[in-house]
Each structure stands twice: as C-alpha cells, then as structure tokens.
1. Scan region 32-41 and give yes if some residue there is exposed (fewer than 14 other Cβ atoms within 10 Å of the Cβ) and of a type in the set (D, E, K, R), otherwise no.
2. Give, as residue ranges, the strands (runs of 3 or more DSSP E) completely inside the chain that count at least 2 residues that are in contact with a His (Cβ under 7 Å, 6 or more places away or on another chain).
3. Please enumerate the residues belonging to region 1-39 that are among the aliphatic types (A, V, I, L, M) and over 18 Å from GLY53 (Cα atoms).
4. Of all residues in region 1-22, which are touching a strand residue (DSSP E or B) at 6+ places or on another chain (Cβ under 9 Å) and over 14 Å from PRO45 (Cβ atoms)?
5. For region 31-61, how many residues are of a type outside the set (D, E, K, R) and farther than 15 Å from ALA11 by Cβ?
Amino acid sequence: MARLANISGKAAAVAFEKAGWRLLGQVGSHAAMTKPGIRVNLSVPQHRELSVGALRALIRASGMTVEEFLGLL
C-alpha cells in the first residue's frame, strides 16, 4: 500500500480534476467538486496541509484507490 503524505488542498483538487472531477464552486475554505455519473460531491478543504485521514476519506469517496490518486499528483 502506498503511503500518503500531507499535501495541500490545492494539490488534491488538481489531482481530482485530472481524474475527471470538476470544480462546482467554493463555500468558505472548501471547494465543492462533482463528476458526471457519480452521485457524491467532494468537499475539498483548501488548507495548506490536509490530514492523512481527511485525504484518505476524499479518495475513498471519489471511488479511487490511494495508488491511483498518487499517480495523478
């Protein structure tokens, strides 16, 4: 299993965009992202560092594996 490091919310949002997610808008410090055909919306915190648990939860909600996500960084 690949190891997740602390990355910024902006870097995570860019990686999700490469995977087909689109920015819907921003509410406060969270970017809302959506993908056609998937009922879940991602709420990516725009912080300097995302905790490993929050990042893992976002990856799981997006339907990707950690290895797929790390390949997009």
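Where a number appears in this text, it was derived from the coordinates with a stated rule and is not lab data. Computed from a prediction, not measured in an experiment: that's the story for all the values here. As a convention, Cβ positions derive from the backbone with ideal geometry for all residues, glycine included, and neighbour counts pool all protein chains shown.
1. Yes, region 32-41 contains at least one residue that is exposed (fewer than 14 other Cβ atoms within 10 Å of the Cβ) and of a type in the set (D, E, K, R).
2. In the chain, 42-45 are the strands (runs of 3 or more DSSP E) which contain 2 or more residues that are in contact with a His (Cβ under 7 Å, 6 or more places away or on another chain).
3. VAL14, ALA19, LEU23, LEU24, VAL27, ALA32, MET33, ILE38
4. Residues satisfying the conditions are GLU17, TRP21, ARG22.
5. Total satisfying the criteria: 11.
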